[in-house]
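Peer 1: First the structure, then my questions, so here it is.
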Amino acid sequence: MIRFEHVTKRYADGTTAVDDLSFEVAEGELVTLVGPSGCGKTTTMKMVNRLIEPTAGRILLDGQDISAVDPVRLRRRIGYVIQQVGLFPHKTVLDNTATVPHLLGAPRAKARARAAELLELVGLDPRKYGPRYPEQLSGGQRQRVGVARALAADPPVLLMDEPFGAVDPVVREHLQNEFLRLQSQVRKTVLLVTHDLEEAVRLGDRIAVYGHGTIEQLDTPAT
C-alpha cells in the first residue's frame, strides 16, 4: 500500500533528515516508527501526504507515485492524526468530524450522519458529545474526536504523529487499547510515529527502529 524507494530528504543547510530510505507497508498493516527526537521518523511520515517533499527517490501509494497527485486531493484521501489534535475551536464536535466528507462534496446531512457513526465507533455518544465544542472535552476525548475525523472519509491510509503523547499514562493506555479495538474493525494501513518503545510494541504489527535518518531494523515486535 505504501512503498518508499530510495527516498532522501536533504535541507538547504546540508542537514539530511532521511537518507536513502526503502521499505514497504502492506495493506491493513500498522507500522510504528520509533526513535529519538530528530531521527527522521516524522519527516518520513509527512512525506507520505506531501507536507514535506523528498529531495530524491519516490513514494508510491497503492502503486501510484504520489508526486504526480495533486497534494490537496492526496491529503483528502489520507487520514492524519496529530498530538495536538488540531480541532477547529469554533466548530462543534460533530461538525469537526464531518469536515473532510463535507470538503469532498458530501451533502451536509450525509456528512453529519457519517460523523455520528464515527463518534459512536470511537466511544463517544454523538447525542451527548456531538453538540459540544472542543474546549468542553477532556484531552482524551479530543484525541478520540481527532481519530474519528481522520476516519470520516474512509481513507485507506492513516498517518498518526505521536497521537497519544499529550495525555496522561492512564488515559494513554486506554486510548491505545481502544485504537487496537478500532483497528481490528476498520483495518487501515497505518504509519504511527512514537518515541515510546512500549507503545510501538503494543500497537505495531511491525516496528521500524530509527537511527539517524535511516531504519536500523524493521521487524515484528517479538523479533
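The values are calculated or read from the model by the stated rules, or taken from the named source; none is laboratory data. Just so you know, these numbers come straight off a predicted model, no measurement behind them. Here the Cβ is made from the backbone with ideal geometry for all residues, glycine too, and neighbour counts use every protein chain on show. Surface areas here come from the heavy atoms of the whole protein model, side chains and all, with no ligands, DNA or RNA. Shrake-Rupley method; radii C 1.70, N 1.55, O 1.52, S 1.80 Å.
Peer 1: With each label point set 7 Å from Cα along the Cα-Cβ vector, what nm distance links E120 and R181?
Peer 2: 1.5
Peer 1: Which one, R206, R50, R127, has the greatest fluctuation when you compute a Gaussian network model over the chain with C-alpha springs under 10 angstrom?
Peer 2: The residue that fluctuates most here is R127.
Peer 1: Please identify, among P155, P101, P71, the residue showing maximal mean-square fluctuation in a Gaussian network model of the chain using a 10 angstrom Cα cutoff.
Peer 2: Residue with maximal mean-square fluctuation among P155, P101, P71: P71.
Peer 1: Ordering I59, I52 by accessible area with a probe of 1.4 Å, largest first, what comes out?
Peer 2: Putting I59, I52 in descending order of accessible area: I52, I59.
Peer 1: Residues with beta-carbon under 12 Å from that of L87, excluding L87: net charge, scoring Lys, Arg +1 and Asp, Glu -1?
Peer 2: The answer is +3.
Peer 1: Based on Cβ point charges of +1 for Lys and Arg and -1 for Asp and Glu, what charge dipole magnitude is obtained for the chain about its Cα centre, in debye rounded to the nearest 20?
Peer 2: 1120
Peer 1: Further question: With all protein chains present, calculate the accessible area of T220 using a 1.4 Å probe and round the result to the nearest 10 Å².
Peer 2: Surface accessible to solvent at T220 totals approximately 60 Å².
Peer 1: With runs of 4+ DSSP H residues as the only contributors, calculate the mean residue ellipticity of the chain at 222 nm using -39,500 (n - 2.57) per run, divided by the residue total and rounded to the nearest 500.
Peer 2: Result for the chain: -10000 deg cm²/dmol, rounded to the nearest 500.
Peer 1: Across every pair of different alpha-carbon atoms, what Kirkwood hydrodynamic radius in Å does the stretch 1-104 reach?
Peer 2: Evaluated on the stretch 1-104, it is 15.3 Å.
Peer 1: Output wanted: per-residue J couplings in Hz (rounded whole) for the stretch 130-138, from phi through Karplus 6.51 cos²θ - 1.76 cosθ + 1.60, θ = phi - 60°, x for Gly and Pro.
Peer 2: Couplings: x, x, 6, 9, x, 5, 8, 10, 6 Hz.
Peer 1: Send over the per residue convex hull volume for the stretch 69-137, Cα only, as a whole number of Å³.
Peer 2: Roughly 100 Å³ of hull volume per residue.
Peer 1: Carbon and sulfur atoms: what percent of the 1.4 Å accessible area of the chain do they account for?
Peer 2: 50
Peer 1: Based on the Cβ-Cβ distance of S22 and R76, what FRET efficiency does E = 1/(1 + (r/R0)^6) give at R0 = 22 Å, to the nearest 0.05?
Peer 2: Approximately 0.20, to the nearest 0.05.
Peer 1: Leaving out ligands and nucleic acids, and using a 1.4 Å probe, what accessible area per residue does the chain come to in Å²?
Peer 2: Per-residue accessible area for the chain comes out at 47 Å².
Peer 1: Calculate the length of the line joining the C-alpha centroid of the stretch 46-102 to that of the stretch 172-206, in whole Å.
Peer 2: 19
Peer 1: Here's something else I'd like to know. I want to check the label-to-label distance for L103 and V69. Put each point 7 Å from Cα in the C-beta direction and report it in nm to one decimal.
Peer 2: Here the modelled spin labels are 1.4 nm apart.
Peer 1: Right, here's the next one. Per residue, what volume in Å³ does the Cα convex hull of the stretch 1-51 take up?
Peer 2: Measuring per residue, one finds 83 Å³ for the Cα hull of the stretch 1-51.
Peer 1: Quick one: which residues, 5 or more positions from D161 or on another chain, have an amide H under 5 Å from its amide H? H modelled 1.01 Å from N in the peptide plane, none for Pro or chain starts.
Peer 2: V81, I82, Q83, V193
Peer 1: Report the residue, chosen from A12, A56, A109, that carries the largest GNM mean-square fluctuation when the chain is represented by alpha-carbon nodes joined by springs under 10 Å.
Peer 2: Comparing A12, A56, A109 in the GNM, the peak value goes to A12.
Peer 1: If you don't mind, another one. Could you work out the local net charge near R132, counting Lys and Arg as +1, Asp and Glu as -1, over the other residues with Cβ closer than 12 Å to its Cβ?
Peer 2: Residues near R132 contribute +1 overall.
Peer 1: Roughly how many Å² of D13 are accessible to a 1.4 Å probe, to the nearest 10?
Peer 2: Counting only protein heavy atoms, D13 exposes about 120 Å² to solvent.
Peer 1: Right, something else. What is the count of Lys pairs in the chain whose alpha carbons sit under 25 Å apart, if the two are 8 or more places apart or on different chains?
Peer 2: Here the count comes out as 8.
Peer 1: Pairwise over distinct Cα atoms, reciprocal of the mean inverse distance: report the Kirkwood radius of the stretch 106-156 in Å, one decimal place.
Peer 2: Result for the stretch 106-156, one decimal place: 11.1 Å.
Peer 1: With no solvent and one point per C-alpha, what does the Debye sum give as log10 I(q)/I(0) for the chain at q = 0.08, 0.12, 0.13, 0.16 Å⁻¹?
Peer 2: Debye curve over Cα of the chain, log10 I(q)/I(0) at q = 0.08, 0.12, 0.13, 0.16 Å⁻¹: -0.28, -0.64, -0.75, -1.10.
Peer 1: Now for a different question. In Å and whole numbers, how far do the C-alpha atoms of the stretch 101-223 stretch along each principal axis, longest first?
Peer 2: Between the extreme Cα coordinates on each principal axis of the stretch 101-223 lie 48, 31, 25 Å.
Peer 1: Compute, for the stretch 71-150, the length of the dipole vector about the Cα centre, with Cβ point charges of +1 (Lys, Arg) and -1 (Asp, Glu) only. Units Debye, rounded to 20.
Peer 2: 300
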